[in-house]
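Chemist: Right, I'll just put the structure down here and ask away after.
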Amino acid sequence: MDIFALVETRDGSHTVESQQFGATYHSRYGAIQESRHVFIEAGLFCQTILKKELAVLEMGFGTGLNALLSAVEAERFSCRIHYETVEAYPLPPEIVVRLNYPEQLALPESRAWFQAMHDAPHDMWVSIHPHFRFRKHIGRMEDFVAPPSFDLAYFDAFAPETQPELWTENVLGRVYEALLPGGALVTYCAKGAVKRTLKALGFVLEALPGPPGKREMTRAVKK
């Protein structure tokens, strides 16, 4: 059984450390800061310029931080988001209730959104607020299959050295197939082997400045 511990990062927001994987879910330099930089600014904002209704796929729900930030932006910009996420190891409720993201964002009303996402039943759509629909798949990323229907993919698995099986051509290829033409995958990872795999699948790569503590991140676009 996995044992989890809360860790306060440098921006005051929590991450979670998994004893099973010997890794944290977010950067110790700042959990909210990292998620905003990689997934919202380099991902969501780039796609909302083009569309006011988006389908987002997240590989690795984890703490739910990326989904929460996306729900906040959906309401702020009145952009309708259909958000699907895949997670093999859901966090226990006693850890979820202690995560401080709504307080750190100074949005107390988002606590109910956050809890609703964690409480959502498997494979059922839940309306989090009028601009944000959410569906959670409990299972392995290696088994997830979807037709080309997504505008954006957040790839937020543990690092390749921790879970190498999630950074393979098989798994990344499933994300490629799930994206619409012009859809983008964003990830904090900028390792050469991962970028070569993405390029071989047909993605066009962009190397972007990384969040604090990382020199570079990756955005990959399906042309």
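Chemist: Pairs only if they're at least six apart or on different chains, beta carbon under 8 angstrom, first in segment 18-35 and within 15 Å of L65 (Cβ to Cβ) and assigned to a strand (DSSP E or B), second modelled with pLDDT of 95 or more and of a type in the set (D, E, K, R); list them, first residue then second.
Modeler: T24/E17
Chemist: Please pick out the residue among V171, V194 that is surrounded by 15 or more Cβ atoms within 10 Å (Cβ to Cβ), assigned to a helix (DSSP H, G or I) and in contact (Cβ under 8 Å) with a residue 60 or more places away in the chain.
Modeler: V171
Chemist: Moving to a separate point now. If you take the residues of segment 119-152 that are touching a Lys or Arg at 6+ places or on another chain (Cβ under 9 Å) and buried (at least 21 other Cβ atoms within 10 Å of the Cβ), which of them is nearest to A88 (Cα to Cα)?
Modeler: M141
Chemist: While we're on this one: If the requirement is being in a strand (DSSP E or B), surrounded by fewer than 14 Cβ atoms within 10 Å (Cβ to Cβ) and of a type in the set (A, V, I, L, M, F, W, C), which of these qualifies: V204, V221?
Modeler: V204
Chemist: Limited to segment 135-164, what total is found for residues that are closer than 22 Å to S18 by Cβ, of a type in the set (A, V, I, L, M) and in a loop (DSSP other than H, G, I, E, B)?
Modeler: Matching residues across segment 135-164 total 2.
Chemist: Residue check, E75 against (1) buried (at least 22 other Cβ atoms within 10 Å of the Cβ); (2) assigned to a helix (DSSP H, G or I); (3) out of contact with any helix residue (DSSP H, G or I) (no Cβ under 8 Å at 6 or more places or on another chain), all met but one. Which one?
Modeler: Here E75 clears every test but (1).
Chemist: Can you find, within segment 94-112, the residue that is nearest to the chain's Cα centre (by Cα) among those that are part of a helix (DSSP H, G or I) and under 13 Å from L6 (Cα atoms)?
Modeler: Y101
The values are calculated or read from the model by the stated rules, or taken from the named source; none is laboratory data. This one's a predicted model, so the numbers in the text were calculated from it and none came from an experiment. Here Cβ is always computed from backbone atoms with ideal geometry, including for glycine, and neighbour counts include all displayed protein chains.
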